[in-house]
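Data first, discussion second: the structure below is written as structure tokens.
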Amino acid sequence: MKKYFLSFIVLFIFLAPQSLFAQVTYPSATKTYHVAIFAPLYLDSAFTGDKLKQERSLPSFTIGGADFVQGAQIALDTINVKGQHVEAFIYDSKSATQPVLSLIKNKKLDNIDLIIGSVKEPEYSMLAQFAVQRNIPFVSATYPNDGRIKQNPFLLIVNSTLKAHCEGIFSYILQKHGTDNIYLVKKKNDNRIDNYFKEINWVDGKPLLKIKTIMLDSSISSAGLRYLVDTTKPIVVIGASLEETFAQKLADACYPIQKTNPLVFIGMPNWDGFSSLHKKDLYKDFPIRYTTPHYDVKNNGFKEYLDDKYFHLYRTEPSDMAEKGFETAYDFISILINHASFMENINDSTYAPLHDFNFRPVFHENKSYPDYFENKHLFIMQILNGNTVREW
């Protein structure tokens with residue numbers, strides 16, 4: 001079975017397919033807490049027996065899951081258990097011999113008190129269904145999707161969905177730029193983001209903001225965009241696309257306009273990963289905004305500790321996946337062992353190492369029964385002269 005048993009103090013995880021069991025003896029505790037951590041390690045693909053199939057390095061498709069596990073491992077070794085006894089089990093969600101469905105059917109997860117997963121479909125839905133059947137909290141750490149989950153009050157979505165990001169952008173514009181001329185610019189037949197804003201904007205049969213939708217094809221020019229917007233007042237342009245080419249062309253079109261007219265340009269959460277927007281001299285003194293649920297406060301002791309510990313162990317800086325593994329494991333395991341009711345204390349910020357969360361119930365059809373809880377704490381960031389800084 002490709003799983004790893006860890007008890008405080010957590011032993012080093014060898015990324016190999018064989019089973020490991022580590023048990024540390026502690027004074028008797030009133031309760032032993034069992035935590036399952038899932039990540040896509042692809043150990044069957046990466047190893048033959050005890051040896052890597054590619055010498056000296058893991059395949060690139062295993063890196064994200066490995067980073068998440070390594071970050072979680074550092075958290076497990078850091079948490080103050082206050083005399084409690086905690087056992088953490090790390091599972092390869094992409095195991096060929098012990099897949100998630102097999103673990104569930106063979107009752108390997110029946111005594112788990114908390115599930116933390118960096119997983120996508122189909123493992124996400126499998127774990128969500130199991131969690132609600134067993135009344136076990138399931139923290140989805142990295143998947144920005146609800147997977148059409150309904151009536152699951154034990155599911156926590158940490159990495160906010162696209163609709164939640166649209167809600168965050170709308171709130172920002174409403175509070176900061178509500179009297180400006182607001183334009184949502186989208187590609188032809190790409191209506192999802194536009195539909196989200198229309199749903200969010202309409203309250204009690206009327207819109208809160210006047211948002212004009214502009215549909216453009218692949219040829220976006222500054223002159224063409226200037227013709228479509230009203231420059232008699234400050235302008236807000238919402239880039240309603242998840243595609244990098246469209247984002248860059250829209251930024252190219254907005255850049256000359258903002259030199260003569262006040263213009264706020266805000267895009268989607270994945271724009272942070274678009275290298276074309278981070279070129280230092282391409283958009284001089286022109287901030288490109290986006291939303292994110294993850295922000296590391298400067299002079300944060302936990303961040304400094306993670307950086308130092310991670311570099312000591314792996315001779316590199318922790319990736320964002322390692323930070324997410326550390327953050328979710330530290331925060332939610334701390335809540336588990338310090339509160340009698342986990343779900344009633346999911347917003348307790350006492351144990352949040354990097355930044356606070358704000359989990360709110362999400363309702364779809366049944367307004368009296370939450371379908372899941374989602375992190376609504378979003379930050380407005382801006383890419384400015386090649387650097388990323390927080391605005392709001």
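Using only Cα atoms and rounding to the nearest 10 degrees, what angle (0 to 90) does helix 301-314 make with the longest principal axis of the chain?
Helix 301-314 sits at roughly 60 degrees to that axis.
Between the range 116-159 and the range 308-322, what's the alpha-carbon centroid distance in Å?
27
May I ask for the angle, rounded to the nearest 10°, between helix 63-76 and the longest principal axis of the chain, with both axes built from Cα atoms and the value confined to 0 to 90°?
60
Provide the packing ranking of 369-382, 157-170, i.e. peptides ordered by the mean count of other C-beta atoms within 10 Å per residue, highest first.
The most tightly packed comes first, giving 157-170, 369-382.
So how far, in whole Å, is the C-alpha centre of the range 252-270 from the one of the range 273-298?
13
What list of ³J(HN,Hα) values in whole Hz, one per residue of the range 225-237 in order, does the Karplus curve 6.51 cos²θ - 1.76 cosθ + 1.60 (θ = phi - 60°) give from phi, with Gly and Pro shown as x?
Here the 3J(HN,Hα) series is 5, 4, 5, 8, 10, 9, 9, 6, 10, x, 10, 10, 10 Hz.
Relative contact order, percent, of the range 312-392 when contacts are C-alpha pairs under 8 Å separated by at least 6 residues?
Relative contact order for the range 312-392 comes out at 16 percent.
For the chain, set up a GNM with springs between Cα atoms under 10 Å and report which of Val119, Val139, Val81 has the largest fluctuation.
It is Val81.
About its Cα centre, what dipole magnitude does the chain give when the only charges are +1 on Lys and Arg Cβ and -1 on Asp and Glu Cβ, stated in debye to the nearest 20?
Its charge dipole is roughly 660 debye.
With unit charges on the beta carbons (Lys and Arg positive, Asp and Glu negative) and the dipole taken about the Cα centre of the chain, which residue among Pro318, Trp202, Leu101 sits farthest to the positive side?
Trp202
Per the Kirkwood formula on distinct C-alpha pairs, the Rh of the range 181-228 is how many angstrom?
Result for the range 181-228 stands at 11.9 Å.
Apply the Karplus curve 6.51 cos²θ - 1.76 cosθ + 1.60, θ = phi - 60°, to the phi angles in the range 192-208 and return the couplings in whole Hz, x for Gly and Pro.
For the range 192-208, the Karplus curve yields 4, 5, 4, 5, 4, 5, 5, 5, 5, 6, 8, 10, 6, x, 8, x, 7 Hz.
Please list, in order along the range 315-324, the HN-Hα scalar couplings obtained from phi with the Karplus expression 6.51 cos²θ - 1.76 cosθ + 1.60 (θ = phi - 60°), rounded to whole Hz, x for Gly and Pro.
Computed from phi, the couplings for the range 315-324 are 6, 7, 7, x, 6, 5, 5, 5, 5, 5 Hz.
Return the long-range amide H neighbours of Val86 (sequence gap of 5 or more, or a different chain), with a cut-off of under 5 Å between placed amide H atoms.
It is Phe8, Tyr33, by chain and number.
Sorted by average packing, counted as other Cβ atoms within 10 angstrom per residue and highest first, what order do 93-99, 203-209 take?
Per-residue mean Cβ counts within 10 Å order the peptides as 93-99, 203-209.
Cα axis of helix 123-134 to longest principal axis of the chain: angle in degrees, 0 to 90, nearest 10?
60
Do you know the relative contact order of the chain, to the nearest whole percent, from alpha carbon pairs under 8 angstrom that are 6+ apart?
17 percent.
For Ile182, enumerate residues with amide H under 5 Å from its amide H, sequence gap 5+ or separate chain, H modeled in the peptide plane.
Lys212, Val236
Dipole magnitude of the range 100-147 about its Cα centre, charges +1 at Lys/Arg Cβ and -1 at Asp/Glu Cβ only, in debye to the nearest 20?
200
Count the lysine pairs in the range 232-329 whose Cα atoms lie under 21 Å apart, taking only pairs 8 or more positions apart in sequence or on different chains.
Counting lysine pairs in the range 232-329 gives 12.
For the charge dipole of the range 242-312, defined by +1 on Lys and Arg C-beta atoms and -1 on Asp and Glu C-beta atoms about the Cα centroid, which residue among Asn299, Ser276, Tyr255 has the Cα displaced farthest towards the positive pole?
Result: Tyr255.
Where a number appears in this text, it was derived from the coordinates with a stated rule and is not lab data. This structure is a prediction, so every number in the text was calculated from the model and none was measured. Note: ideal-geometry Cβ built from the backbone for every residue, glycine included; neighbour counts use all protein chains shown.
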